[in-house]
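A short worksheet on the structure shown next.
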Amino acid sequence: MLSREDLNGQKYTGLLPPQPYLSAQDSDLTGHNEPLNREFWPAIKAGLQKIDFSLFLVVCALVTWGFSLSYIDNRHITDYGLIANLPAAFLVALGLLTASFCLLLCRPTPPGTLALLAHVIALIVILHGTTAIIYDTPRYAWTYKHIGVVSYIQANGAVDPTIDIYHNWPGFFALSALFTRLAGLGSPLDYAAWSQVFYNLLYLGPLLLIFKALTRNWRLVWLSAWFFYTTNWTGQDYFSPQATAYFFHLAFLGICLTYFRKTELPPVESLKRWLIFKSLAVRFQKLLRWGQPNPDELPQVSPYREAALKGLLFLLFGCIVATHQLTPYILLMEVATLVIFQVCRMRRLPVLMAVMMAAWLFYMADPFLKSNGLVFKHHFLNLFANLDSNTVNISNATPGHAFISLVARGLTLLLIGLALAGAWRRLRRGYRDLPVLLLAAAPVPMFVVQDYGGEMIYRVYLFALPWLCFLAAGLFFPGPTWRVSLKTIAPTVLVGLLLAAGFVTVYYGNERMNNYSQAEMTAADYLYRTAPPGSILVKVNFNFPYKFRPDYNRYTEFAMVNDPNEIHQGYVITDLVDIENLITEFKYPAGYVVFSRSQREYAALSGVVSLPWIDQLEESLKTSEKFVEVYHNQDVQIFKLVMEGDV
Amino acid sequence: MSAAREFFKKNLRINIRWRRSRFVMVLLGLAGLAGTALLMLTASWEQAGPVVVVAFIAALGLSELVSNLPGPGFKRVGNWLNRANIPLFILCAATLVYEVIAILTMPEK
């Protein structure tokens, strides 16, 4: 055993020298008149002083949040969503974190990056980790459809473009299948519930890159990121291709704005080549000169590194093109806007992007295009029809649902109002954010193109969100020089709390129908394991975990409230005779009818079919001799049509 | 007089170089149109289309990558790629127009 010597030359083998007994005589002999352990306390004190006090507040907020989780009842959610079931401790935790962050921003000197990062990460965990912990299963019905595609690829090693649209844009699914395999997991069901936390953490890097490219004001950068997370209520960050494509899109724009900004404006003669009229070219150049007065010093990169970054951009866009249908178009519009307004110096980039998109659409997605190509013409160039199909008619909604819709609209209008006020305040300080305004407006023309199944409004809002948040944050911290006063701290804290409360209200507003119990998952698993291939599975609506198994393509899914993309459109179900006719007329080998708690919740929220009608239909199936109940648990009942040859 | 002659000679040289480059561009453009005509005559859009589009993407991407790299070698490669982009752009545009027309004139299902 190694031995060491203490100050007196005595050998010892422990980690620390033995504490000497010091009498008055000893202290004279050794020259030390204080116990040795007192030297540790100044070191500990110095270490503690280096840790930001705000980190303690972050820990307190997280502990309070963790304490509140066990008091959230996710089985009895009302029309008003999860917020009605959240205990006070949850709101206190969120409020504490928000106040701590806003106070951190109000410091005269920049705090450490760790403190700022800890606040934002804690916010993400609280906002998005709550449901991942308290729910038994992943949220949203579409999550299960995506899991099914990933499972198909895991089982078959390839895609089949003739099955559905997902197999024609397989980037996300192939990546997920690879990740599932590398992680040694059986299915994405093991981790899909944590997708919201994962994607929001992933967005943080590119967001900071974007905001730092737009300003050197650290308060503005971090408050913009904070606003992003408290206003991104669209719910597109679940286990989905669009969430993945959105990350690539943010990274793409971050690299463009950081490394490929134009430093000099072109002369009028150069602009005249494509604007044709000289007066137009002169006015345009004046606008550009006004809108981009003094770009901040940009990072200098070597030509080889620049070439590598360009290659990375092409790769990112290739990934986007292979992953999602809508994101490439919006990104193309944003990049084209940046190139036209002389912000980005890669003039050929929009052409390359357009050709890559077209190539994928016409050649790789050819099977889908040949069978569904005309879906792109749905409401094409019909602005009013697109706007109409994108807005919820709150006169038909339940009181809770109407309240949630109103809060969502209010939150959006508040953000837009803050953004406009922020743009004005920054303008008065001499900061002209023309690129930011252009990027915020770039996705808006998509309203004219198509309604995207009624979701275009959410997608346009999502893609405009980073820019709106930047402008909104500019209202509170328009410039780098800033004085601490109650007049500036109070509004920041108030607006932060308001946005956080609004986010929780809207983001979890539809949880009554978005969460599925373990009993429903078990029933769905039973159904797909026992139903013979080729069967038709009839449901009231599609709010049920379905299509999540690798052989999902072997079944026909039918909802009495028709999804426009599914089969047998226009076939109306009014009673069990219609169900029987549907199964026998189209000669399905077997037919199942599924009733579940989540379908009833959706029916109650949407109001398309009434709950008494569903109960009556189920009762008639129970008493009918032609149908037999093959499975039931607390949340699900499954009936099967008795066919010839059934035992 | 000699200064005027020198000035005239110098401008003529520049003028010839400019005219030559424009002439080459026109030739390349005509080559692209000729290729388009060939595709129309042989009705080989389905076979040649993907090749043309991929070639254009590769040429445009590569020319963008080498555009700022130092050295005469990269400059030469960049010049050739820029020249190749002209007929490829025309062919690619024609191919995509064909595909769009095919989609728009598809019979209703």
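The values are calculated or read from the model by the stated rules, or taken from the named source; none is laboratory data. A quick note: this is a predicted structure, and the numbers were derived from the prediction, not measured. Cβ atoms come from the backbone with ideal geometry, glycine included; neighbour counts cover every protein chain shown. SASA here: full protein model, heavy atoms, side chains in, ligands and nucleic acids out. Shrake-Rupley method; radii C 1.70, N 1.55, O 1.52, S 1.80 Å.
Excluding ligands, DNA and RNA, the accessible surface per residue across the stretch A:167-270 is 31 Å² with a 1.4 Å probe. Look at the stretch A:354-362: the mean tally of other chain Cβ atoms within 10 Å of its residues' Cβ atoms is 6. Rounded to the nearest Hz, the phi-derived 3J(HN,Hα) couplings of the stretch A:58-75 under the Karplus curve 6.51 cos²θ - 1.76 cosθ + 1.60 (θ = phi - 60°) are 4, 4, 4, 4, 5, 5, 4, 4, x, 5, 6, 4, 6, 9, 8, 9, 9, 8, where x marks glycine and proline. Size descriptors for the stretch A:514-627 (Cα atoms only): Rg and Dmax, in that order, 13.5, 35 Å. Can you give the translational diffusion coefficient of the protein assembly as shown in µm²/s, computed by Stokes-Einstein from the Kirkwood radius over Cα pairs at 20 °C and 1.002 mPa s? D, rounded to a whole number, is 70 µm²/s. Annotation: for a label point projected 7 angstrom from Cα along Cα→Cβ of A:Arg289, residues of the stretch A:404-443 with backbone N closer than 19 Å are A:430-435. Here the label points at A:Thr623 and A:Arg75, each 7 Å from Cα along the C-beta direction, are separated by 3.0 nm in the simple model. Distance from the Cα centroid of the stretch A:119-142 to that of the stretch A:520-541 is 28 Å (rounded to whole angstrom).
Protection proxy ranking for A:539-552, A:596-609, A:277-290, using the average of other Cβ atoms within 10 Å per residue and placing the highest first: A:539-552, A:596-609, A:277-290. Work out the FRET efficiency for A:Val572 and B:Ala34 from their Cβ-Cβ distance, taking R0 = 56 Å, and round it to the nearest 0.05. Efficiency for this residue pair is about 0.45. Beta bridges from DSSP with both residues in the protein assembly as shown: antiparallel share about 65 percent, rounded to the nearest 5. For the stretch A:237-308, GluC sites (Glu not before Pro) meeting the loop criterion (DSSP other than H, G, I, E, B) and having at most 12 other Cβ atoms within 10 Å: A:Glu264, A:Glu297.
Taking only protein heavy atoms and a 1.4 Å probe, the accessible area of the protein assembly as shown is 64% carbon and sulfur. Taking one quarter of the surface of the C-alpha convex hull of the stretch A:474-566 gives a mean projected area of 10.6 nm². For A:Val448 and B:Ala3, what is the calculated FRET efficiency with R₀ set at 41 Å and r taken between the beta-carbons, to the nearest 0.05? Calculated transfer efficiency: 0.10. Each Cα pair under 8 Å and six or more residues apart adds its sequence gap; the mean of these over the residue count of chain B is a relative contact order of 34 percent.
Peptide packing: for A:471-480, A:624-633, B:49-58, A:515-524, the average count of neighbouring Cβ atoms within 10 Å per residue gives the ranking A:471-480, A:515-524, B:49-58, A:624-633, highest mean first. Sorted largest first, the principal axis extents computed over the alpha-carbon atoms of the stretch A:206-312 equal 50, 34, 30 Å. With both labels modelled 7 Å from their Cα along Cα-to-Cβ, the A:Ala174 to A:Val59 distance reads 4.6 nm. Note on the protein assembly as shown: helix-only mean residue ellipticity at 222 nm, from DSSP H runs of 4+ residues weighted -39500 (n - 2.57) and normalised by residue number, equals -20500 deg cm²/dmol.
Take the Cβ atoms of B:Val51 and A:Arg347, set R0 to 35 Å, and the FRET efficiency comes out at 0.85. Note that the stretch A:271-321 presents 65 Å² accessible area per residue, ligands and nucleic acids not counted, probe 1.4 Å. A 1.4 Å probe, protein heavy atoms only, puts the accessible area of B:Met25 near 90 Å².
For the chain pair A and B, buried accessible area totals roughly 2300 Å², probe 1.4 Å, rounded to the nearest 100. Note on A:Ala155 and A:Ala441: the extension gain reaches 98.6 nm, defined as 0.36 nm multiplied by sequence separation minus the Cα-Cα distance. Roughly speaking, what is the centre-to-centre gap between the stretch A:326-344 and the stretch A:582-647 when only Cα atoms are used, to the nearest Å? Comparing the Cα centres of the stretch A:326-344 and the stretch A:582-647, I get a distance of 49 Å. Annotation: Cα Rg of chain B relative to the compact-globule expectation 2.2 N^0.38 Å equals 1.52.
In whole angstrom, note down how far apart the Cα centers of the stretch A:198-271 and the stretch B:39-109 are. Using only Cα atoms, the two centres lie 31 Å from each other.
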